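Have a look at the structure below before the remarks.
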Amino acid sequence: MRDVIIIGSGPAGLTAALYAARANLAPLLIEGLESGGQLMLTTMVENFPGYRGGIMGPDLIAEMRAQAERFGTEIINGDVTAVELGSQPFIVRLGTAMQETKALILATGASARLLGLPSERTLMGHGVSTCATCDGYFFRDKPIAVVGGGDSAMEEAIFLTKFASQVTVLHRREQLRASKIMQDKAFANPKITFEWNTELAEVKDVDQGVVTGVVLRNNKTGETTELAVEGLFVAIGHTPNTGLFAGQLDLDANGYIVAADGARTSVRGVFACGDVQDHVYRQAITAAGTGCMAAIDAERYLEAL
Ligand code: NAP
């Protein structure tokens, strides 16, 4: 029987592990398939306090991991296949293996939706990004494109005009899904232009290892064109990784875990941190902050048992 199990190995899970380990709870952290989370998809992180020269996303995760292990976190590789939250102790299953725990911290994150092109995956972190707040700065005075027609895409496009010379929004229909107010702001911005009924066929140039342009396909006419850009922001939404928990604790309308009063979920003894409960801020530092909260809340819960 464990005191605490943490599911997820991004900044939220690793910070929860660090705090739980230092509280002598000997936490077990189960990594998940996307070990390290979304930071593994970025290159330079310049907005994590304490690294004034910036740090590579994977290096930041490696540091956090080593720090959590230094105080006694046990990290195991593997993907949780089921959790049972209906009664104490909670049960966490990894295939045929099973673990019991008094407290559970959920840090399974959210995954940025991607278009699914091999070139998009290859150039991720090398001109392709899913986070304007993280990477916009690298595109000062450069032309870039944003894919998507929702509020996220408009928000990112507007934010990116602070840096980029020109922002082209690529949307697969001729009507935006974004709220009227965000649409109005985007339409009024002289640096933003729109390509309608447009799908991305390819990101160039995999051979050079950097983004030099995108190949576009008009889905009405079938016509293919090329647009020279140095950056591509994919803003087609995020999916919270909550499939394992559906029906067992409260999720909001978009599938995110509802955490209130600190990191508490609707099930006593189960805590949530990071992007799995946050579709607003989605930053490494806020994920780490809520990871700390989840560990402190779990520690107090265990003390009170
Ligand atoms: P969203 O509303 O689901 O919009 C996703 C957009 O991406 C849609 O325009 C969709 O096109 C497009 N898309 C999806 N899959 C695609 C694909 N495979 N290829 C090309 N395009 C694709 O997601 P979101 O913009 O991230 O917003 C999520 C929620 O957060 C919404 O409720 C939103 O209002 C909220 N939000 C609010 C704010 C704000 O108020 N400041 C900011 C961000 C997000 P279609 O339109 O054709 O489906």
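3J(HN,Hα) along region 204-214: 10, 9, 4, 5, 7, x, 9, 7, 10, x, 10 Hz, from the Karplus curve 6.51 cos²θ - 1.76 cosθ + 1.60 with θ = phi - 60°, whole Hz, x for Gly and Pro.
For residue 197, nonlocal amide neighbours, meaning residues 5 or more places apart or on other chains whose placed amide H falls under 5 Å from its own, are 171, 173, 174.
So for region 114-234, Kirkwood radius off the Cα pairs, Stokes-Einstein at 37 °C and 0.692 mPa s: how many µm² s⁻¹? Translational D for this selection: 234 µm²/s.
When the helices of the chain are scored as -39500 (n - 2.57) per DSSP H run of n ≥ 4 and the total is divided over every residue, the value at 222 nm lands at -7500 deg cm²/dmol. In the context of the full set of protein chains, region 251-305 has a per residue accessible area of 47 Å² (1.4 Å probe). Applying the Karplus relation 6.51 cos²θ - 1.76 cosθ + 1.60 with θ = phi - 60° to region 82-93 yields 3J(HN,Hα) values of 7, 10, 10, 10, x, 8, 7, x, 6, 10, 10, 10 Hz, where x marks Gly and Pro. The charge dipole of region 114-234, taken about its Cα centre with unit charges on the Cβ atoms of Lys, Arg (+1), Asp and Glu (-1) only, comes to about 320 debye. Amide hydrogen proximity for residue 216: with H placed 1.01 Å from N in the peptide plane, the residues at 5 or more positions away or on another chain lying under 5 Å are 201, 225, 226, 227.
Pairs of Lys residues in region 114-234 are counted when their Cα atoms are under 25 angstrom apart and they lie 8 or more places apart or on different chains; the count is 12.
Lys and Arg at +1, Asp and Glu at -1: add these up for the other residues within a Cβ distance under 15 Å of residue 107 and post the number. Charge balance in the 15 Å sphere: -3. Surface composition of the chain: carbon plus sulfur atoms hold 50% of the accessible area, using a 1.4 angstrom probe and ignoring ligands, DNA and RNA.
Scanning the chain for cysteines with no neighbouring cysteine C-beta under 4.7 angstrom from their C-beta gives 273, 292.
In the full protein context, region 98-144 carries 42 Å² of accessible surface per residue, based on a 1.4 Å probe and ignoring ligands, DNA and RNA. When the alpha carbon gyration tensor of region 81-184 is reduced to an equivalent ellipsoid, its three semi-axes come out at 39, 17, 14 angstrom, largest first. When the Kirkwood hydrodynamic radius is evaluated over all pairs of different C-alpha atoms of region 202-275, what value in angstrom, to one decimal, is obtained? With all distinct Cα pairs of region 202-275 included, I get 16.1 Å. Using θ = phi - 60° in the Karplus curve 6.51 cos²θ - 1.76 cosθ + 1.60, the 3J(HN,Hα) couplings for region 123-138 round to 9, 4, x, 10, x, 9, 9, 10, 8, 5, 4, 6, 10, x, 4, 6 Hz; x is entered for Gly and Pro.
Taken along its three principal axes, the alpha carbon spread of the chain comes to 63, 39, 35 Å, from the longest extent down to the shortest. With a cut-off of 18 Å, note down the residues of region 202-231 whose backbone N falls inside the zone around a label point 7 Å from the Cα of residue 189 toward its beta carbon. So the set is 229-231. Positive end of the dipole of region 114-234 (Cβ unit charges, origin at the Cα centre): among 182, 131, 170, the Cα lying farthest that way belongs to 182.
Could you tally the net charge around residue 129, taking each other residue with its Cβ under 12 Å from the Cβ of residue 129, Lys/Arg +1 and Asp/Glu -1? For residues surrounding residue 129, the net value is -4. Count Lys and Arg as plus one, Asp and Glu as minus one, and take only other residues whose Cβ is under 13 Å from that of residue 5; the net charge is then -2. Of the beta bridges in the chain, as assigned by DSSP with both residues counted there, near 45 percent are antiparallel.
Each of residue 300 and residue 177 was given a label point 7 Å from its Cα along the Cα-to-Cβ line. The distance between the two points is 3.8 nm.
Based on the Cα gyration tensor of region 163-305, what are the three equivalent ellipsoid semi-axes, each the root of five times an eigenvalue, rounded to whole Å and given largest first?
Semi-axes, largest first: 41, 17, 15 Å.
Under the simplified labelling scheme, the residue 239-residue 166 pair shows an inter-label distance of 3.4 nm, with each label point 7 Å from Cα along Cα→Cβ. Gain on full extension, evaluated as 0.36 nm per residue between residue 210 and residue 137 minus their Cα-Cα distance, stands at 24.7 nm.
The values are calculated or read from the model by the stated rules, or taken from the named source; none is laboratory data. This is a predicted model, so every value here is computed, not measured. Virtual Cβ from ideal backbone geometry, glycine too; neighbours counted across all protein chains shown. Each accessible area value is taken on the protein alone, full model and side chains, heavy atoms only, with ligands, DNA and RNA left out. Shrake-Rupley method; radii C 1.70, N 1.55, O 1.52, S 1.80 Å.
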